[in-house]
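A.B. asks: One structure coming up, written as structure tokens, with questions to follow.
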Amino acid sequence: MKAKLKSRVIGQDHVFDPLERYVLIGEKGLAPPNEPKGAFLFTGPTGTGKTETAKALSETLNCILLRFDMSEYQDDKKFLEDLCHMLDTHTSGIILLDEIEKGSMKIFDYFLQILSEARITFQRKTYDLSGFYIIMTSNIGSKNIMGQDNFTVARKIVERLIQSHFRPEFLGRIRRDCQICFKPLDYDALKQIVKQKVEMEIIRLQEKGYSLSYSESILPFLMNEGINPEFGARPIVQTTQKHIAMALVCASQTAGILTVNNSQLTLA
Ligand SMILES: Nc1ncnc2c1ncn2[C@@H]1O[C@H](COP(=O)(O)OP(=O)(O)OP(=O)(O)O)[C@@H](O)[C@H]1O
Ligand SMILES: [Mg+2]
């Protein structure tokens, strides 16, 4: 499992030991009774693989991922309604609560109950969440660690801000080793990500009838076009998809080698 996740989420190897440990416990039915199968808090800079890790885990476990963008929930009742609506049709999987700090503070009362009892009641019906992993993400502190090359220092800064933002009874319900700070992606990691995204895009486009390969020269080109470490890998992903799409739009054939020509990607 770890190897699969590592090949999908680059430069975040420290995440997968605790993740695998608690997922194995969860999968063997050894999590504490009346608790979710596992609960994780992912922190750290934007675009570094927090949501991607949740997606990769759901694919590895072959289970559903129920994602809630908490910035859309200023109304706690609406969140409860949407969550329970999902729980009407799903009894296991991963619940991803993205950017938890952006939702209504009242929602934390539900989180407390979910994390400690794996239960939630809505309209007189009680739902059991003990078949779910709960993954929460937060961007708190990510601006404060911009340009901080020492990850130990960066992680400490994030931890301190997380502790001053969230109530102790909330953080106390998530094991310390399940509160994981993602690393800012360095140049080497971004280089590997460009290659990974090109190869993923080629596979995706196969299903649309394209038969593509690529010249290594497109990798530094895409890297140059997309690099903006402030936003992690996101600009690289967008640039890669945009340039490959443009090359295909301009090509008359559906098979060939992606190369760089006159500062743009072309299909030769
Ligand atoms: N470490 C990584 N390895 C491979 N791809 C990555 C990595 N980090 C980010 N990406 C890619 O960048 C895009 C954004 O990543 P993701 O959604 O995981 O960011 P995030 O950490 O959740 O950021 P945010 O805090 O803004 O939600 C995705 O397309 C993902 O595939
Ligand atoms: Mg995210």
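A.B. asks: Nearest 20 debye, what's the magnitude of the dipole of segment 187-267 about its Cα centre given +1 on Lys and Arg Cβ and -1 on Asp and Glu Cβ? Please list the in-between numbers first.
C.D. replies: Numbers: 7 positive and 7 negative charges, 28 e Å.
The dipole magnitude comes to about 140 debye.
A.B. asks: Full-extension gain between S92 and K208, please, as 0.36 nm times their residue separation minus the C-alpha to C-alpha distance. If you can, show how the numbers build up before the last one.
C.D. replies: On the way: separation 116, 0.36 × 116 = 41.76 nm, distance 3.24 nm.
Additional length available on full extension: 38.5 nm.
A.B. asks: Continuing with the same structure: I need two numbers for the chain: Rg to one decimal and Dmax as a whole number, Cα atoms only, in Å.
C.D. replies: Expressed in Å, the Cα Rg and Dmax of the chain come to 20.6, 65.
A.B. asks: Also, I was wondering about something else. With a 1.4 Å probe and all protein chains kept in place, how do D98, D75 rank by accessible area, largest first?
C.D. replies: Values: D98 5, D75 80 Å².
Largest accessible area first, the list is D75, D98.
A.B. asks: A further question on this structure: Would you kindly find the accessible area of S164, with a 1.4 Å probe and non-protein molecules such as ligands, DNA and RNA excluded, rounding to the nearest 10 Å²?
C.D. replies: S164 exposes around 90 Å² with every protein chain in place.
A.B. asks: Can you report the principal axis dimensions of segment 1-141 using only the alpha carbons, biggest first, rounded to whole angstrom?
C.D. replies: For segment 1-141, the Cα extents along the three principal axes come out at 44, 34, 22 Å.
A.B. asks: Taking a temperature of 4 °C and a viscosity of 1.567 mPa s, what whole-number D in µm²/s does Stokes-Einstein yield for segment 187-267 with Rh from Kirkwood over alpha carbon pairs? Show your work: numbers first, answer last.
C.D. replies: Values: Rh = 12.6 Å.
Using the Kirkwood radius from Cα pairs, D works out to 103 µm²/s.
A.B. asks: Hey, can you rank 133-141, 64-72, 147-155, 11-19 by average C-beta count inside 10 Å, highest first?
C.D. replies: On the way: 133-141: 23.0, 64-72: 16.3, 147-155: 13.1, 11-19: 18.7.
Descending mean neighbour count gives 133-141, 11-19, 64-72, 147-155.
A.B. asks: Something else: Taking 30 Å as R0, compute the FRET efficiency from the Cβ-Cβ separation of D17 and D109 and round it to 0.05.
C.D. replies: The value I calculate is 0.40.
A.B. asks: On a 0 to 90° scale, report how tilted helix 151-165 is relative to the longest principal axis of the chain, with both axes built from alpha carbons and the result rounded to the nearest 10.
C.D. replies: With both axes taken from Cα atoms, the answer is about 40 degrees.
A.B. asks: Mind putting a number on the dipole of segment 111-268 about its Cα centre? Charges go on the C-beta only, +1 for Lys and Arg and -1 for Asp and Glu, and I need it in Debye to the nearest 20. Present the calculation step by step, with values, prior to reporting the outcome.
C.D. replies: Details: 19 positive and 14 negative charges, 137 e Å.
Taking the Cα centre of segment 111-268 as origin, the dipole is about 660 debye.
A.B. asks: From a point 7 Å beyond the Cα of K4 in the direction of its Cβ, which residues of segment 56-75 have a backbone N at a distance under 16 Å?
C.D. replies: In segment 56-75, the label zone of K4 (backbone N under 16 Å from the point 7 Å along Cα→Cβ) covers 56-65.
A.B. asks: What full-extension length gain, to one decimal in nm, is calculated for Q74 and R176 as 0.36 nm per residue of separation minus the Cα-Cα distance? Could the numbers behind the result be given before it?
C.D. replies: Numbers: separation 102, 0.36 × 102 = 36.72 nm, distance 2.79 nm.
Stretched out fully, the Q74 to R176 stretch lengthens by 33.9 nm.
A.B. asks: Another question, if that's okay. Suppose R0 equals 45 Å. What FRET efficiency, 1/(1 + (r/R0)^6) with r the Cβ-Cβ distance, do E27 and Q264 give to the nearest 0.05?
C.D. replies: Values: r = 47 Å, r/R0 = 1.05.
About 0.45, to the nearest 0.05.
A.B. asks: As a test question: what accessible area, to the nearest 10 Å², does Y73 have when a 1.4 Å probe is rolled over all protein chains in place?
C.D. replies: Accessible area, nearest 10 Å²: 20 Å².
A.B. asks: Let me ask something additional. Any idea how far the Cα center of segment 197-235 sits from the one of segment 96-125, in Å?
C.D. replies: With segment 197-235 and segment 96-125 each reduced to a Cα centre, they are spaced 38 Å.
A.B. asks: Given K102/K191; K37/K106; K28/K191; K77/K208; K78/K156, which pairs have Cα atoms separated by over 30 Å? Can you show the working numbers first?
C.D. replies: Numbers: K102/K191 32 Å; K37/K106 24 Å; K28/K191 37 Å; K77/K208 42 Å; K78/K156 34 Å.
Over 30 Å apart, Cα to Cα: K102/K191; K28/K191; K77/K208; K78/K156.
A.B. asks: Can you spot the lysines whose alpha carbon is less than 18 Å from K4's alpha carbon? Ignore those fewer than 8 places along the same chain.
C.D. replies: K50, K55, K195, K197
A.B. asks: Can you find, among S252, Q192, Y214, the residue farthest towards the positive end of the dipole of segment 187-267? Put +1 on the C-beta of Lys and Arg, -1 on that of Asp and Glu.
C.D. replies: Final value for the positive-end residue is S252.
The values are calculated or read from the model by the stated rules, or taken from the named source; none is laboratory data. Bear in mind the structure is a predicted one, so any value in this text is a computation, not a measurement. With ideal geometry, Cβ positions are generated from the backbone for all residues, glycine too; neighbour counts draw on all protein chains shown. The area values use the complete protein model at the heavy-atom level, side chains included, leaving out ligands, DNA and RNA. Shrake-Rupley method; radii C 1.70, N 1.55, O 1.52, S 1.80 Å.
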